[in-house]
Every structure is written in structure tokens, then in C-alpha cells.
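Notes for the one structure printed next.
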Amino acid sequence: MSGMVKIAIEDGLFLKSLELREAEEFLLLVDVNRPYLREWLPWLDMTRSIDEMIVYVESTLHQLSSNQGFQTAIWHNGQIVGIIGYHHLEWVNRSTCIGYWLDERYQGRGFMTKACRALVDYAFDEWKLNRIEIRCAEGNRKSRGIPERLGFRAEGLLREAEWLYDHYVDHVVYGMLAKEWSVVRGIENKGRTTT
């Protein structure tokens, strides 16, 4: 996989792989949301300067060019409002894990659920993967709502799975299999045609 990834979701909302020229805009978005994101995301102290953000974007470009997945900006009406992507790809096991965050000002509009649905579709349709995981801190109800709305199954609890600045947090592991996603999409499509 190389080049740029762009996934249309709906009018005015799309996903696009990260580019170096947007590093300053990413940093500004992180800075605006830093107090909010700090409650659940452990990497904020590693992205305080433009140089650190450039290193991050370069790592995502390497991920894309080495066929290990990709990270995308969530664009809404010409603005970056969040990030979503695949943490890694396990080609042998045909599985991946999705991670995401959204600007606090844009929450409650369904953007992240739609973006996540698009990446699940991409992983199962384009890469023919078998399994997708989403891991969320147990107490992060907003983040956990995404896989729950999409029909993922809560498969278990990883105790003290992540160090978050000064304490550990437990993670809930959500999973979706390709054969299950076919059923979920069938139900969603049926619901759209009958309403």
C-alpha cells in the first residue's frame, strides 16, 4: 500500500491519510483538546512541539508505505476534527485494532461512529481481514459507545492494561468478525430501506 488513502463517508465528511504539511494543524487540534484528551490518552506528553508532531506524522507515513495500516484525519467541512486509524495489521492472523479520538467540540454528531464504520468496512472489504478489535478504557463511556453502537461484542477485560500518566486503567476488548459484520450490515441496510 502506498500513496494516499481517502474514504468518503457523506457530504462534507471524509477520512484522509495524514500528510506532513498538516502537522501544524494536527498539533493545534491536539493543543485545543489537550485537557480533555489527557483523561484517556497516554501520548499527549510526546506531542508537545511541531517537531514531535512531524515525527508522529512521519511514523504514520511509514506505516502506510510498509503496508501495516494507516492513520487518517477526520475531515468535516474542510476542517480536521479528529484522528482514526489502525494501530497495527497482523496479516498472518488477518486482524487489526482500531483507535480514534475526536475534537470535543464535534462530539455527539455521529462523526466517530460513521468514521469507525468506514474503517471496519475497509478492513473487511479491501483487506479481507477476519477480525477487528477496539480497546477502550473501562471508564471511557464515550469511546466504548462506538463499538457498542456498531454491534461489536465485548469479549473481556484486560486488567491494568495501560499506564495513564500516574495510574493504570483497565481495557475492555471489543471484537468483530467478518462473518458477524456481514450480518450487521445486512440488518443496517434492511433498516434503511424500510424507513
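Annotations for the structure displayed:
- Yes/no for VAL92 being in a helix (DSSP H, G or I), out of contact with any strand residue (DSSP E or B) (no Cβ under 9 Å at 6 or more places or on another chain), of a type in the set (Val, Ile, Thr) and free of Cβ contacts under 8 Å to residues at least 12 places away in the same chain: no
- Filtered residues of region 115-135 (kept if within 11 Å of the chain's Cα centre (by Cα), over 17 Å from LEU15 (Cα atoms) and buried (at least 22 other Cβ atoms within 10 Å of the Cβ)): ILE134
- Scope region 143-193; condition under 15 Å from GLU39 (Cα atoms), under 18 Å from the mean Cα position of the chain (by Cα) and in contact (Cβ under 8 Å) with a residue 40 or more places away in the chain; matching residues: SER143, GLU162
- Of all residues in region 76-87 being over 12 Å from the mean Cα position of the chain (by Cα) and open to solvent by 30 Å² or more (accessible area, probe 1.4 Å), the one that is nearest to LEU27 (Cα to Cα): GLN79
The values are calculated or read from the model by the stated rules, or taken from the named source; none is laboratory data. Here the structure is a predicted model, which means the values were calculated and not measured. Ideal geometry is used to build each Cβ from the backbone, glycine not excepted, and the neighbour counts take in all protein chains shown. To get the accessible areas, we keep the full protein, side chains included, count just its heavy atoms, and leave off ligands, DNA and RNA. Shrake-Rupley method; radii C 1.70, N 1.55, O 1.52, S 1.80 Å.
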